[in-house]
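Data first, discussion second: the structure below is written as C-alpha cells.
The values are calculated or read from the model by the stated rules, or taken from the named source; none is laboratory data. Treat the numbers as computed from the prediction; the structure is a model and nothing was measured. Ideal geometry is used to build each Cβ from the backbone, glycine not excepted, and the neighbour counts take in all protein chains shown. Surface areas here come from the heavy atoms of the whole protein model, side chains and all, with no ligands, DNA or RNA. Shrake-Rupley method; radii C 1.70, N 1.55, O 1.52, S 1.80 Å.
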Amino acid sequence: MRRFISHKTINLISKTTTSIISSSPSPNSPSLSPNSPLTSLLRFFSTLHPSPDSMASDYSATPITMDNINPKVLKCEYAVRGEIVSIAQTLQQNLKDNPGSHPFDEILYCNIGNPQSLAQQPITFFREVLALCDHPSILDKSETQDLFSADAIERAFQILEQIPGRATGAYSHSQGIKGLRDTIASGMKARDGFPADPNDLFLTDGASPAVHMMMQLLIRSENDGILCPIPQYPLYSASIALHGGTLVPYYLDEQTGWGLEISELEHQLKTAKSKGIDVRALVVINPGNPTGQVLGEANQREIVEFCKKEGLVLLADEVYQENVYVPDKKFHSFKKISRSMGYGETDISLVSFQSVSKGFYGECGKRGGYMEVTGFSPEVREQIYKLASVNLCSNISGQILASLIMSPPKVGDESYESFSAEKEAILSSLARRAKTLEDALNSLEGVTCNRAEGAMYLFPCINLPDKAIKAAEEAKTAPDAFYAKHLLNATGIVVVPGSGFRQVPGTWHFRCTILPQEEKIPAIVSRLTKFHKKFMDEFRG
C-alpha cells in the first residue's frame, strides 16, 4: 500500500498532524487519547513519514555525538531565542497554513530587542548614506540631487574618501576603517567632554563579538570568574560558558528598582575568592537588560572605585545609552565617570560596548558596533588586535552606521529637522509604550513591575500559585516558563521566562519588550489581562 501514497500526500498529512498536536487544546479539538481512531491513524502515517526525532538513530554511526561534542557548548544557553520562540514559530506556521486554528490571529513577538522586525522604520539619513556608499556611481548622476539630501551626499563622499579603493565590499583594517574610528572618537568626546583615541576603538559586528573577544582574553580556565548582574543578559552567561570560565553572580535589588549595591559586590567577590575563583572583571549593563533601570551618577562612582580597589576590569555594556525615558535619570558613560574622578589611562582598565542594534536606530541586521579599550598595556593591546585580526574585519555597512550614530546630522544640516523628528517620534513612542505596559502589569493579580527607566524591556515579578508551581514541576519546566508557554498558546504573545536570565531563587519573572507597534499595545494589554485572570483562577485552588 505504501508505494501508492505520494510524498505530497504524506507531507500534507504530516503538516496537519503537527498542526493538531501543536495547537492548544480546546473544546472543539479532536480527541487524541491513546486509543482514539485519530491517534491510530496518525501513528500509522508517522511510520510512512518519520519525524526528525524518530530519524535520530540514523546518525548513530557518525563520528560526532552529543557525548563527544565540546561540553562547553552543552553548557551554553541562550533563552532569548530558545524553546518558547521555537514554539511560537511553529504556531505562526500553523496560522499561515490553517487560518483560525488558534484563538489568536497573529504572533506578537515581545521576546527580543529587534525593532525593525516589529515595523519600526529605519532612520532616513542613515539609509541614504549607506545606499550612496554602496553604490557610489550614482553620486555623479543629476537625479541624485533630487532623491537624496545634500548632507547625506556630502557624508557619503567623505566616507568613501576614507575607504581604501572607495569599496565597501573590500576588507578594512582589523580595528575598522581609521577615518570612521576618528569620527566615532570625536562623537565620544562630544558626549563625554573627555578625549577619545581612535586607536582605542575596535569596530565589531554588533556588541556581541566584542564581548566574546574580551572573554577570550580574560578567561584562562574555570578558575577565572566574571562578576555578572543577576538578572543578566544571556550573552554573558553563554560567552563565559563557551570560553570555559565561571560566572560569579551579583544580585540586583528588585525592591530598590534593581539597584546595584556595593555591599553585594563585595560579598560575592569574597565568596568567589573563598572557592578559589580568581575574579577578573565586573560586567555592568547600563541601562539595564532585562531590568530597564538607569544607574545614578553617584552609584557609578562607587562602581568605579570598587573596580579600582579590587583590580577588576570594568566591562560596561552601554548599548542602550539612547534609551532613557524618565526625566530624573540621565545616561553617563563609565569612561566619563572615571575620567571625571581623575582616573586616567593607567589607573583603571575599562572596556565599553556600543551597538547600532539598539537606541532609536534599531539597525540589528546591519551588525555594527564597537568597543573602546582603555587601561591596557601596549603588549596586551597587541593581543586584542590579534584576536580582532582572526576575524579579518567587521562588515563595512556596520562600521559606517557606527560612525553615523556617533555623528548624526547637526543644526544647519539639511537632514537635521527630519532626523530629529524621526528620533523624537521613536523615543517618545517607546516611553509611552513602556509606561502603558508597566501600568498594565502592575494591575495584574500577584504581579509587580519596577519603573521602566530605560532600555527596551520590562521584567515583572510574578507571584505564582502553589498549584501552578507544582504543575510546572510535573511538566519538568521552570514555573515562569510554564506561565510563558500557557501565555503563548492562549494569546500568541511571546515573552522570555525570567529563568533564562537567572533570578533570585524562588522568584519568577518574564522579560517583555516594549517594541511592538504602539497601536498593538492595547491588544497586548487586553490579551494579557484576560489570560492572566484565567490562569490565576485555574491554578488558585
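The set of residues from the range 493-522 being in a loop (DSSP other than H, G, I, E, B) and either among the small types (Gly, Ala, Ser) or touching a Ser or Thr at 6+ places or on another chain (Cβ under 8 Å) (or both) comprises Arg502, Gly506, Trp508. Only residues that are open to solvent by 40 Å² or more (accessible area, probe 1.4 Å) and either on the phi < 0 side of the Ramachandran plot or β-branched (Val, Ile, Thr) (or both) were counted across the range 358-388, and they come to 12.
Just wondering, is there one or more residues in the range 400-422 that are open to solvent by less than 50 Å² (accessible area, probe 1.4 Å), touching a Leu at 6+ places or on another chain (Cβ under 8 Å), more than 18 Å from Ile184 (Cβ to Cβ) and among the hydrophobic types (A, V, I, L, M, F, W, C)? No, that holds for no residue.
Could you say which residue among Phe482, Phe539 is open to solvent by 10 Å² or more (accessible area, probe 1.4 Å), outside any loop (DSSP other than H, G, I, E, B), more than 22 Å from Tyr251 (Cβ to Cβ) and in contact with a Pro (Cβ under 6 Å, 6 or more places away or on another chain)? Being open to solvent by 10 Å² or more (accessible area, probe 1.4 Å), outside any loop (DSSP other than H, G, I, E, B), more than 22 Å from Tyr251 (Cβ to Cβ) and in contact with a Pro (Cβ under 6 Å, 6 or more places away or on another chain) holds for just one of Phe482, Phe539, which is Phe539. Being over 27 Å from the mean Cα position of the chain (by Cα) and modelled with pLDDT of 95 or more holds for only one residue in Asp182, Asp134, and it is Asp182.
Residue-wise test of (1) of a type outside the set (Lys, Arg); (2) at pLDDT 80 or above.
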{"site": "Thr39", "(1), (2)": "yes, no"}
{"site": "Lys72", "(1), (2)": "no, no"}
{"site": "Pro103", "(1), (2)": "yes, yes"}
{"site": "Leu108", "(1), (2)": "yes, yes"}
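Taking the range 148-175 as the range and being in contact (Cβ under 8 Å) with a residue 40 or more places away in the chain, part of a loop (DSSP other than H, G, I, E, B) and closer than 22 Å to Pro409 by Cβ as the test, the residues that pass are Ser149, Ile163, Thr168.
The set of residues from the range 322-351 being in contact (Cβ under 8 Å) with a residue 40 or more places away in the chain, among the charged types (D, E, K, R) and touching a Ser or Thr at 6+ places or on another chain (Cβ under 7 Å) comprises just one member, Lys335. Contact annotation: residue pairs with Cβ atoms under 8 Å, 6 or more positions apart or on different chains, pairing a residue in the range 516-541 that is of a type in the set (Ser, Thr, Tyr) with a partner that is assigned to a helix (DSSP H, G or I), are Thr529/Ala440.
Has the range 457-478 got any residue that is open to solvent by 60 Å² or more (accessible area, probe 1.4 Å) and within 22 Å of Ile112 (Cα to Cα)? Scanning the range 457-478, I find no residue that is open to solvent by 60 Å² or more (accessible area, probe 1.4 Å) and within 22 Å of Ile112 (Cα to Cα), so the answer is no.
In the set Leu427, Leu437, which member is buried (at least 20 other Cβ atoms within 10 Å of the Cβ) and either free of Cβ contacts under 8 Å to residues at least 24 places away in the same chain or not in a loop (DSSP other than H, G, I, E, B) (or both)? Step by step, each of Leu427, Leu437 is checked, and only Leu437 is buried (at least 20 other Cβ atoms within 10 Å of the Cβ) and either free of Cβ contacts under 8 Å to residues at least 24 places away in the same chain or not in a loop (DSSP other than H, G, I, E, B) (or both). Taking each residue of the range 408-424 that is closer than 11 Å to Phe125 by Cβ and among the aliphatic types (A, V, I, L, M) and looking for partners that are assigned to a helix (DSSP H, G or I) and open to solvent by 60 Å² or more (accessible area, probe 1.4 Å) with beta-carbon atoms closer than 8 Å, six or more apart or interchain, yields nothing. For the structure I just gave you, tell me whether Leu404 is over 20 Å from Pro287 (Cβ atoms), touching a helix residue (DSSP H, G or I) at 6+ places or on another chain (Cβ under 9 Å), among the aliphatic types (A, V, I, L, M) and not in a loop (DSSP other than H, G, I, E, B). Taking the combined requirement at face value, the residue satisfies it.
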